[in-house]
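Scroll down for the structure; my scribbles are underneath it.
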Amino acid sequence: MGSGSDDASTFKPVPLQEVIVRPEWQQHFIEMAYLVATMATCPRKHVGAVLVNADKRIVGTGFNGSAAGMEHCDVVGCDMVEINGRMSCVRTIHAESNVLDFAGQRARGCTLYVTVTPCFECTKRIVNTGIVDVIYDEYYASQNTERVAEYFRDAGVGLIKHEVEETAIGHEVEASIP
Ligand SMILES: [Zn+2]
Ligand SMILES: [Zn+2]
């Protein structure tokens with residue numbers, strides 16, 4: 001241990017107000033979804049989802065990974081299957097489905113924040129649980145993605161692109177709606 005006050009190993013916290021502007025709620029929950037996505041176990045895509053109720057309280061979080069107790073892609077490799085001409089990893093449960101499995105009926109009336117556009121299978125489950133809005137950040141093409149927007153519209157569920165602000169944790173968004 002060094003003894004000088006300018007020792008590089010000495011932890012010097014920067015006052016929070018100097019680096020962070022308090023984000024809007026939508027920004028906050030999208031950034032949280034990106035944090036959750038870091039726990040994903042399929043290397044093909046890391047996705048995170050945060051389920052939030054009408055009081056802005058988090059009901060649950062989910063990332064894409066294997067079913068409980070099963071081996072993960074980052075250990076045994078992806079389980080690739082060609083579906084409709086597109087190669088997909090079928091080992092994982094998607095982030096959105098994971099959080100819905102956890103939340104059950106508490107998902108009704110909630111808003112779902114997710115780092116990417118849901119796939120068509122998750123879309124049907126989201127509609128089925130009574131979620132009112134889906135806020136996503138990055139457009140991501142998967143099976144039948146082109147039908148997702150229409151399906152949500154028919155169901156009366158909002159599908160909303162998050163508009164990026166200055167981020168508190170420095171995430172950069174790469175993709176946009178095609
Ligand atoms: Zn995988
Ligand atoms: Zn999905």
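Please treat every number below as a calculation from the coordinates, not as lab data. Everything numeric here is computed off the predicted structure, so don't read it as measured data. Neighbour counts run over all protein chains shown; Cβ positions are idealised from the backbone, glycine included.
Here is a check on your reading of the model: is Val116 farther than 21 Å from Trp25 by Cβ, among the β-branched types (Val, Ile, Thr), surrounded by 14 or more Cβ atoms within 10 Å (Cβ to Cβ) and in contact (Cβ under 8 Å) with a residue 24 or more places away in the chain? For Val116, the condition - farther than 21 Å from Trp25 by Cβ, among the β-branched types (Val, Ile, Thr), surrounded by 14 or more Cβ atoms within 10 Å (Cβ to Cβ) and in contact (Cβ under 8 Å) with a residue 24 or more places away in the chain - is not met. May I ask you to list the residues in the range 100-111 that are crowded, with 24+ Cβ neighbours inside 10 Å and either within 27 Å of Asp79 (Cα to Cα) or among the aromatic types (Phe, Trp, Tyr) (or both)? Leu100 - this is the single residue of the range 100-111 that is crowded, with 24+ Cβ neighbours inside 10 Å and either within 27 Å of Asp79 (Cα to Cα) or among the aromatic types (Phe, Trp, Tyr) (or both). I'd like the full set of residues that are crowded, with 19+ Cβ neighbours inside 10 Å, touching a helix residue (DSSP H, G or I) at 6+ places or on another chain (Cβ under 6 Å) and farther than 16 Å from Gly60 by Cβ, limited to the range 119-150. Thr123, Asp137, Val148 - these are the residues of the range 119-150 that are crowded, with 19+ Cβ neighbours inside 10 Å, touching a helix residue (DSSP H, G or I) at 6+ places or on another chain (Cβ under 6 Å) and farther than 16 Å from Gly60 by Cβ.
This table checks each residue for (1) in contact with a His (Cβ under 8 Å, 6 or more places away or on another chain); (2) assigned to a loop (DSSP other than H, G, I, E, B); (3) on the phi > 0 side of the Ramachandran plot.
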residue	(1), (2), (3)
Val99	no, no, no
Gly104	no, no, yes
Gly109	no, yes, yes
Leu112	no, no, no
Thr123	no, no, no
Asn128	no, no, no
Ile135	yes, no, no
Gln143	no, yes, no
Arg153	no, no, no
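Of all residues in the range 89-108, those that are among the hydroxyl-bearing types (Ser, Thr, Tyr) and within 20 Å of Val132 (Cβ to Cβ) total 1.
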